[in-house]
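Undergrad: Quick one: structure below, then a few questions.
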Amino acid sequence: MLGTSLIRPLKLYALDTCVWVVQHEGQPPVESMVIDWSVSKGPFPMKVSCAEASCWMWISGCTSGSSDRCIAMSSGESRTIEMCYSNAAREGLHMWWSSPNGTDPTTAGVKIYSQALNMEMNQLVEPGRSSMTYVKTHDTTQEESDYNHLRHEWFVMYLSSQALEPAHQGF
């Protein structure tokens, strides 16, 4: 009698398990996405380098360890700055560079780096005005030691050849 009373619940448990596996077998894994608007977050890490030039940067309109001071870099130098969200068109990251005569203008200036899938990519900022979008990818399905576990990516969109001087106020 004792053996029969144990076998019956085990059979029901096995049957329930089989039904659950069949029901969930064809379903994709659960994904989730959390969007944190940058206006209330930050600062955000941005790796930059100076290529074939002398470079200067100024971040305004936010509070970070990199803002409200001149950041000077020599050719070949790289560093990570703390970028913030900015609402006003004349605030944000301002960059200047001066390259020696004869330097190819398509290779000189400030490069912004992104941690793309399995590699680091860079984009040269064009003279003028650009808009930058920051994307932080935190993939919890990857091991913490894996490169793809936490990535910081910057996407630069060129807007105009006319730069806005930071000394002016307003939008």
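Undergrad: Looking at the stretch 149-163, is at least one residue surrounded by fewer than 17 Cβ atoms within 10 Å (Cβ to Cβ) and under 21 Å from residue 70 (Cβ atoms)?
TA: Checking the stretch 149-163: at least one residue is surrounded by fewer than 17 Cβ atoms within 10 Å (Cβ to Cβ) and under 21 Å from residue 70 (Cβ atoms).
Undergrad: Given the criterion at pLDDT below 80 and in contact with a strand residue (DSSP E or B) (Cβ under 9 Å, 6 or more places away or on another chain), identify the matching residue among 108, 163. Lay out the reasoning, then the answer.
TA: Working: 108 fails: at pLDDT below 80.
Sole residue among the options that is at pLDDT below 80 and in contact with a strand residue (DSSP E or B) (Cβ under 9 Å, 6 or more places away or on another chain): 163.
Undergrad: Considering 98, 130, 114, which residue is modelled with pLDDT of 80 or more and either among the acidic types (Asp, Glu) or in contact with a His (Cβ under 8 Å, 6 or more places away or on another chain) (or both)?
TA: Working: 98 fails: either among the acidic types (Asp, Glu) or in contact with a His (Cβ under 8 Å, 6 or more places away or on another chain) (or both); 130 fails: either among the acidic types (Asp, Glu) or in contact with a His (Cβ under 8 Å, 6 or more places away or on another chain) (or both).
Result of the check over 98, 130, 114: 114.
Undergrad: Let me ask another. Take the stretch 22-70 and flag every residue that is of a type in the set (Asp, Glu) and at pLDDT 85 or above.
TA: The answer is 52, and nothing else.
Undergrad: Among the residues of the stretch 57-84, count how many are buried (at least 18 other Cβ atoms within 10 Å of the Cβ) and either more than 17 Å from residue 128 (Cβ to Cβ) or touching a helix residue (DSSP H, G or I) at 6+ places or on another chain (Cβ under 8 Å) (or both). Break it down into steps so the answer makes sense when it comes.
TA: Within the stretch 57-84, the first condition is being buried (at least 18 other Cβ atoms within 10 Å of the Cβ), and the residues that meet it are 57, 59, 62, 66-67, 73, 81, 83-84.
Among the residues that remain, those that are also either more than 17 Å from residue 128 (Cβ to Cβ) or touching a helix residue (DSSP H, G or I) at 6+ places or on another chain (Cβ under 8 Å) (or both) are: 59, 62, 66-67, 73, 81, 83-84.
Result for the stretch 57-84: 8.
Undergrad: Where the second residue is surrounded by 14 or more Cβ atoms within 10 Å (Cβ to Cβ) and not polar (S, T, N, Q) and the first is free of Cβ contacts under 8 Å to residues at least 24 places away in the same chain and farther than 15 Å from residue 45 by Cβ and lies in the stretch 142-161, which pairs have Cβ atoms under 9 Å and are six or more apart or on separate chains?
TA: From residues that are free of Cβ contacts under 8 Å to residues at least 24 places away in the same chain and farther than 15 Å from residue 45 by Cβ, the pairs are 142/149; 142/150; 143/149; 144/150.
Undergrad: Another question about this same structure. Across the stretch 61-116, what is the number of residues that are acidic (Asp, Glu), assigned to a loop (DSSP other than H, G, I, E, B) and at negative phi? Break it down stepwise before answering.
TA: Taking the stretch 61-116 and keeping what is acidic (Asp, Glu), we get 68, 77, 82, 91, 104.
Filter once more, so that each one left must be assigned to a loop (DSSP other than H, G, I, E, B): 68, 77, 91, 104.
Still in the list and also at negative phi: 77, 91, 104.
The qualifying residues number 3.
The values are calculated or read from the model by the stated rules, or taken from the named source; none is laboratory data. Here the structure is a predicted model, which means the values were calculated and not measured. With ideal geometry, Cβ positions are generated from the backbone for all residues, glycine too; neighbour counts draw on all protein chains shown.
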